[in-house]
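Input: a single structure, listed below in structure tokens.
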Amino acid sequence: MARYSGAVCRLCRREGMKLFLKGERCLSKKCSVDRRGYPPGMAGQRRVKMKEYGLQLREKQKVRRIYGVLERQFRNYFHLADRQKGITGHNLLAALELRLDSVVYRLGFAPSRAMARQLVRHDHFTVNGRKVNIPSYRVRAGDKVAVAESRKKAVYITGALERVADNQIPDWLRLDRNALAGEVAQVPPRESVQLPVEEQLIVELYSK
């Protein structure tokens, strides 16, 4: 399974913002963005004026890192979004949000997408009653995602859910706390994907 295995705090510093890749640590005083709010490396504190291509590239890298996907995967998501009807940028974000690991994170079963990815890989969740251990599995509207029966007493899942308020669950998802299950009510609209990204820059980058 290909994935980034380096220091994730460097990624947040490189993008100049919190990507919440480490869950609760990103909200604490230990957050590296708060402590060192400049890019990593010896030249990190230099002021660099980015050109158009640089802005587009940084936006693409930011979204890639938020969702934890590699370049080839991300390009495939873009081509899929480009073939669909509607606005390509909105389709791209919706496809990334509908990854199983992202849905698990959005439902509050994990404090970060990285943790959600690991839980999915270890058979902690079912989709429509069937175990699925592929983080990139594409969930569709109407699908039900639930904690596997044998994992419902796992403290790391129930503990993460207790720290999430109902108003933090996106409106395109339905959460049943008692059953430790959720349902995808609809394809996420753009206004529900509350991320500080300008997807149009990504479309312009890949359209060259």
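The values are calculated or read from the model by the stated rules, or taken from the named source; none is laboratory data. A quick note: this is a predicted structure, and the numbers were derived from the prediction, not measured. Virtual Cβ from ideal backbone geometry, glycine too; neighbours counted across all protein chains shown.
Assorted remarks:
- Residue count for region 70-119, restricted to those that are under 12 Å from the mean Cα position of the chain (by Cα) and among the aromatic types (Phe, Trp, Tyr): 1
- Flag for LEU201 being touching a residue at least 24 places away in the same chain (Cβ under 8 Å), within 20 Å of GLY54 (Cα to Cα) and surrounded by fewer than 18 Cβ atoms within 10 Å (Cβ to Cβ): no
- Lone qualifier among LEU180, LEU173 - being more than 30 Å from THR88 (Cβ to Cβ) and of a type in the set (A, V, I, L, M): LEU180
- Only one entry of ARG174, ARG163 meets the criterion of being farther than 24 Å from TYR77 by Cβ and either free of Cβ contacts under 8 Å to residues at least 40 places away in the same chain or in the same structural domain as ALA81 (by TED's automatic domain parsing) (or both), and that entry is ARG174.
- Residue within region 120-134 that is aliphatic (A, V, I, L, M), under 18 Å from the mean Cα position of the chain (by Cα), modelled with pLDDT of 95 or more and part of a helix (DSSP H, G or I) present: yes
- Candidates GLY182, GLY142 - the one that is at positive phi, not aliphatic (A, V, I, L, M) and not in a helix (DSSP H, G or I): GLY142
- Selection within region 118-146: residues that are touching a Lys or Arg at 6+ places or on another chain (Cβ under 8 Å) and of a type in the set (D, E, K, R). The member of this set that is nearest to TRP172 (Cα to Cα) is ARG138.
- Residues that are closer than 11 Å to GLU199 by Cα and hydrophobic (A, V, I, L, M, F, W, C), drawn from region 58-92: VAL63, PHE78, ILE87, LEU92
- Close contacts from region 122-139, counting a first residue that is at positive phi and a second that is of a type in the set (S, T, N, Q) and surrounded by 13 or more Cβ atoms within 10 Å (Cβ to Cβ), with Cβ to Cβ under 7 Å and a gap of 6+ residues or different chains, come to ASP123/ASN133.
- Residues being over 24 Å from THR126 (Cβ atoms) and not aliphatic (A, V, I, L, M) - total across region 78-106: 11
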